[in-house]
Amino acid sequence: MTARPLRILCLPGSLRRDSWNRRLLEVAATLAPAGARAEVYDALAAVPLFDEDLEQAQADGPPGVRALRAAIAAADGLVIATPEYNHALPGVLKNALDWLSRGSPEGEVLADRPVAVLGASAGPWGTRLAQASLRQVLHTCGALVMPSPTLFVALAAERFDTRGALADPALRASLERFMHAFAAWIERVAPHCPATAVA
């Protein structure tokens, strides 16, 4: 019997195709430690505005909600990269979390789920306030939020080159430390997550 790799889902909190946070997660996914596999979720736009009428129309919710919920349920941990809009997390991300906090056939998928938070912004604050508000929501949902290390990426346009590739070696090193710390956090707070499979 051999342990399968940890599965880490990376969720960008922006719908913009070339958002800094999506780019950040694309790099982070490549820096997951040995024994972990990370992928970026790319269908947040399919999650509709939260509406109890929609929720009640189908017992397990609209298709976009079901897809996101299933992706998180299949992952051992969730990394969320949030932009900062008006000193808070974006509405599209809060909306998704509202859906995820509801009961479903899979249960409340954020409850007892290891989660890590980071973020990038074009301004000088590096999403500090957005991350604080996101952490509050996640704690309310029962998620097991990694307390440290934190990562606030300010002046994001200066960290990537004209092709969108990460051009800041120090940030790359910080991202790698972040992903390694998160894998350790998953194993610490949710040691039951890694399943075993026949080699």
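The values are calculated or read from the model by the stated rules, or taken from the named source; none is laboratory data. Since the structure is predicted, the reported quantities are computational estimates derived from the model, not experimental observations. Because the Cβ atoms are built from the backbone with ideal geometry, glycine has one as well, and the counts that use them run over all protein chains shown.
Do we have any residue at all in the stretch 169-186 that's basic (K, R), modelled with pLDDT under 95 and surrounded by fewer than 17 Cβ atoms within 10 Å (Cβ to Cβ)?
No, that holds for no residue.
Anything in the stretch 155-179 that is outside any helix (DSSP H, G or I) and acidic (D, E)? List them, or say none.
Residues satisfying the conditions are D161, D168.
Please note which helices (runs of 4 or more DSSP H) are completely contained in the stretch 48-153 and include at least 1 residues that are in contact with a strand residue (DSSP E or B) (Cβ under 7 Å, 6 or more places away or on another chain) and closer than 30 Å to R4 by Cβ.
Fully inside the stretch 48-153 and qualifying: 63-73, 128-140.
Would you be able to say whether some residue in the stretch 33-55 is closer than 30 Å to A154 by Cβ and of a type in the set (V, I, T)?
yes
For the stretch 3-47, enumerate the residues that are assigned to a loop (DSSP other than H, G, I, E, B), more than 25 Å from S101 (Cα to Cα) and of a type in the set (S, T, Y).
S19
Select from the stretch 1-35 the residues that are among the hydroxyl-bearing types (S, T, Y) and in contact with a strand residue (DSSP E or B) (Cβ under 7 Å, 6 or more places away or on another chain) and write down the one among them that is modelled with the highest pLDDT.
Across the stretch 1-35, the extreme among qualifying residues is S19.
Is there any pair with a first residue in the stretch 163-182 that is without any contact (Cβ under 8 Å) to a residue 24 or more places away in the chain and farther than 12 Å from A38 by Cβ and a second that is of a type outside the set (G, A, S) and outside any helix (DSSP H, G or I) whose Cβ atoms are under 8 Å apart and which are 6 or more apart or on different chains, and what are they?
A167/R159; A167/F160; A167/D161; D168/R159; D168/F160; L171/V153; L171/R159
For the list (1) out of contact with any Lys or Arg (no Cβ under 8 Å at 6 or more places or on another chain); (2) more than 21 Å from R172 (Cβ to Cβ), I need the number of the one condition that C10 fails.
(2)
Output the residue which, of all residues in the stretch 10-55 that are of a type in the set (D, E, K, R) and surrounded by 20 or more Cβ atoms within 10 Å (Cβ to Cβ), is nearest to L134 (Cα to Cα).
Filtering first and then ranking leaves R22.
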